[in-house]
Structures are given as C-alpha cells and as structure tokens.
1. From the phi of every residue in the range 60-65, what ³J(HN,Hα) in whole Hz does the Karplus formula 6.51 cos²θ - 1.76 cosθ + 1.60 yield, where θ is phi - 60° and glycine or proline is x?
2. Relative contact order for the range 121-175: what percent, with Cα pairs under 8 Å and sequence separation of 6 or more?
3. So how far apart, in nm, are the two label points at LEU92 and LYS146 if each is 7 Å from Cα heading toward Cβ?
4. With a 1.4 Å probe and every protein chain left in place, work out the accessible area per residue of the chain in Å², rounded to a whole number.
5. Starting from the residue with the highest accessible area, list HIS102, HIS67 in decreasing order, probe 1.4 Å.
6. Along the Cα-to-C-beta direction of TRP154, a point sits 7 Å from the Cα; which residues of the range 63-104 have their amide N less than 19 Å from that point?
7. Could you grab the relative contact order for the range 1-142? Cα pairs under 8 Å, six or more apart, rounded to a whole percent.
8. Taking amide H positions as placed in the peptide plane 1.01 Å from N, state which residues far from GLU168 in sequence (5 or more) or on other chains have amide H under 5 Å from it.
Amino acid sequence: RILFLSNFSLANSGFGKYKKNILSKLYKTGKFELCELACGIVDGDPITLRVPWEVIGVLPKNEEERHRFESVDEHTKRAFAYGLFRFDEAALRFKPDIVVCHEDVWSWSGWVKQSKTWGKFTPVAFHPFDAEPMSEEFVEFLKDFKYVFTYGEWSRQIGIKAGLPQTEIATLGVD
C-alpha cells in the first residue's frame with residue numbers, strides 16, 4: 001500500500017507527469033494498492049475518476065473546509081495546499097505501508113514529521129535536488145528518511161555531498 005503525496009497525476013506539471021508515469025507502471029503490475037494525495041485538486045473532483053487508483057484531493061471540498069483552509073496564516077495555508085489539510089485523514093483511511101513525498105522538500109518538510117500518523121509508515125523522500133549547496137534545514141530533515149530519491153547522478157552527488165548517503169536515483173519514468 002503506497003500513498004504518493006505530490007501534484008495530481010493528471011496535472012500538466014513535471015511532478016504530475018512523473019507521478020502519472022510511475023503510478024501507471026506500478027498499477028499495471030497488480031502488486032500494489034495505490035493512492036495519491038493530490039496537490040492542486042479539490043477532494044472529490046470528478047476528474048479523479050479518470051485514473052484507476054484512489055485519489056484524495058488536498059483542497060477543500062465545501063464551505064466549512066474552505067473557511068478552515070483560508071482562516072490560517074500564510075505559512076499554514078501553503079502547507080495546507082501541499083497536503084497538511086488532508087494528510088492524516090488520508091493516512092488513517094488508506095493505511096499505507098509507504099508514503100512517497102514527491103515534491104520540493106520545502107512543501108512538506110515543515111509539517112509531515114509532526115503529523116499524527118508519522119511513524120506508522122515508511123517515509124520515502126523524492127526531491128529534485130536541483131541546486132547546491134542544499135539547505136542545512138532540509139538536510140537535517142531528510143536524515144530521518146531511510147530512502148531519498150532524486151532524478152540523476154548530478155542530483156545524487158548533491159545529496160551525498162550534503163550528508164545524505166542514502167540518496168539514490170529514480171529516473172523520470174519517461175515512457
């Protein structure tokens with residue numbers, strides 16, 4: 001059971017396209033139960049029916065949720081937009097063995113370890129590592145992850161140099 005936190009898999013973004021490729025390949029194996037916690041989409045949006053795995057949108061679906069989403073400070077509002085608003089709900093409902101956080105680290109590093117469900121799954125970080133040096137804050141945060149993936153050898157070397165020897169490559173899943 002794998003929960004992916006990232007852009008919605010049908011979004012026209014790099015993260016979305018990658019997630020669509022990897023989820024499609026995993027789904028075709030028949031070996032995994034998959035769920036995506038989808039940034040940029042309202043929970044229950046009919047477009048989610050176009051993919052064969054479960055989708056939980058991170059954005060509010062009714063007026064009460066919209067009020068809760070909008071009545072917080074800007075930092076929390078940004079965290080809500082990247083999964084905080086629905087993360088524990090999704091993890092408790094789906095009960096993942098693995099959670100893959102596939103976004104820029106800044107989008108989830110400030111809250112995922114403080115979630116109620118942290119420790120109930122194996123966390124996997126998947127980050128582009130597209131600049132160096134890496135932020136010390138992010139390096140410290142990622143040290144607790146058994147698995148850290150990035151896109152290529154150059155990015156892997158950035159992770160290793162930063163003190164993340166567990167950094168490995170997961171190619172972009174181009175068909």
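The values are calculated or read from the model by the stated rules, or taken from the named source; none is laboratory data. Note that the coordinates shown come from a computational prediction; the quantities given were computed from them, not determined experimentally. Methodologically, a virtual Cβ is constructed for each residue, glycine included, from the backbone with ideal geometry; neighbour enumeration extends over all protein chains shown. Protein only, heavy atoms only, side chains kept; ligands, DNA and RNA dropped before computing areas. Shrake-Rupley method; radii C 1.70, N 1.55, O 1.52, S 1.80 Å.
1. Each residue of the range 60-65 in turn: x, 10, 8, 4, 4, 5 Hz.
2. 37
3. 2.5
4. 52
5. Descending accessible area places them as HIS67, HIS102.
6. 104
7. 24
8. VAL148, PHE149, THR150
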